[in-house]
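A short write-up of the structure that comes next.
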Amino acid sequence: MENYKKVEPASPFAFPIAKAGLPFVGIAAFATAVFALLGITVLALTGLVATFFIGYFFRDPDRVIPDRDGAVVSPADGKVIKVESVEKGRFCSGSCLKISIFMSIFNVHVNRIPSNGEIVRVAYFPGKFFSANLDKASSDNEYNALFLKTDKGREICFVQIAGLVARRIICNVQEGQSVVRGQRFGLICFGSRLDVYLPADTEVSVKVGDRVSAGTTVLGELPI
């Protein structure tokens, strides 16, 4: 039976919203109130719908995290669109496994740390904005790559990639920071993608087409 634990304090709110989303919700709610006071019913109703949708998009539910040595959890909610072996490149020093997760606008967009360890490098690249489900998005789009060394000395890289609509990547961890599996570390606004690069000997637990949840779904197992 799988053991789970909470790695961060539970939110005191019934419907928690990510801090980065509060200004968007506030602006939409203010505009809705103005339209309502002016008696512009259609715009007020439109604003109300927009306010609820923005709040829904920036939702930040609490998660329980698998408490298992060697487990690597998904850093994002979404659909697995690629599982493949890749050779040496900008995100791995040798052969590795790449798992790509596409986040639609209906997924939770808060990102979580996949494994216990230390962030050894953070690399930002101001690229283009192709649709995040395309292969060239991995190499050409704006991205923020985090390189992590696990407690056992294994190397993992996970990359926040902007999409066609997503134009803001948020990352709240820094180089040299110790992190734990399932910890929140950032988000990408309005549809995007996460690529995860794992050691070649990882026992992968997901396949193309699977739906995954950040912090909860195990992508694979690192040999202990």
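Data table
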quantity: Filter result for the condition that a residue is at pLDDT 95 or above and either crowded, with 16+ Cβ neighbours inside 10 Å or in contact with a Gly (Cβ under 6 Å, 6 or more places away or on another chain) (or both), over Ser213, Ser138, Ser178, Ser192; calculated: Ser213
quantity: Candidates Phe102, Phe52, Phe35, filtered to the one that is at pLDDT 90 or above, more than 21 Å from Lys5 (Cα to Cα), assigned to a helix (DSSP H, G or I) and out of contact with any helix residue (DSSP H, G or I) (no Cβ under 7 Å at 6 or more places or on another chain); calculated: Phe52
quantity: Condition met for Phe185 (assigned by TED's automatic domain parsing to the domain that holds Glu155 and assigned to a loop (DSSP other than H, G, I, E, B)); calculated: no
quantity: Selection within the stretch 15-32 - of a type in the set (Phe, Trp, Tyr) and in a helix (DSSP H, G or I); calculated: Phe24, Phe30
quantity: Single unsatisfied condition, Ser85 versus (1) exposed (fewer than 14 other Cβ atoms within 10 Å of the Cβ); (2) in contact with a Lys or Arg (Cβ under 7 Å, 6 or more places away or on another chain); (3) not basic (Lys, Arg); calculated: (2)
quantity: Of residues in the stretch 148-171 being assigned to a loop (DSSP other than H, G, I, E, B) and small (Gly, Ala, Ser), the one modelled with the highest pLDDT; calculated: Gly153
quantity: Qualifying residues in the stretch 65-82 (those that are in a loop (DSSP other than H, G, I, E, B) and in contact with a Lys or Arg (Cβ under 6 Å, 6 or more places away or on another chain)) - the one modelled with the highest pLDDT; calculated: Pro75
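The values are calculated or read from the model by the stated rules, or taken from the named source; none is laboratory data. A quick note: this is a predicted structure, and the numbers were derived from the prediction, not measured. All Cβ positions, even for glycine, are placed from backbone atoms using ideal geometry, and neighbour counts span all protein chains on display.
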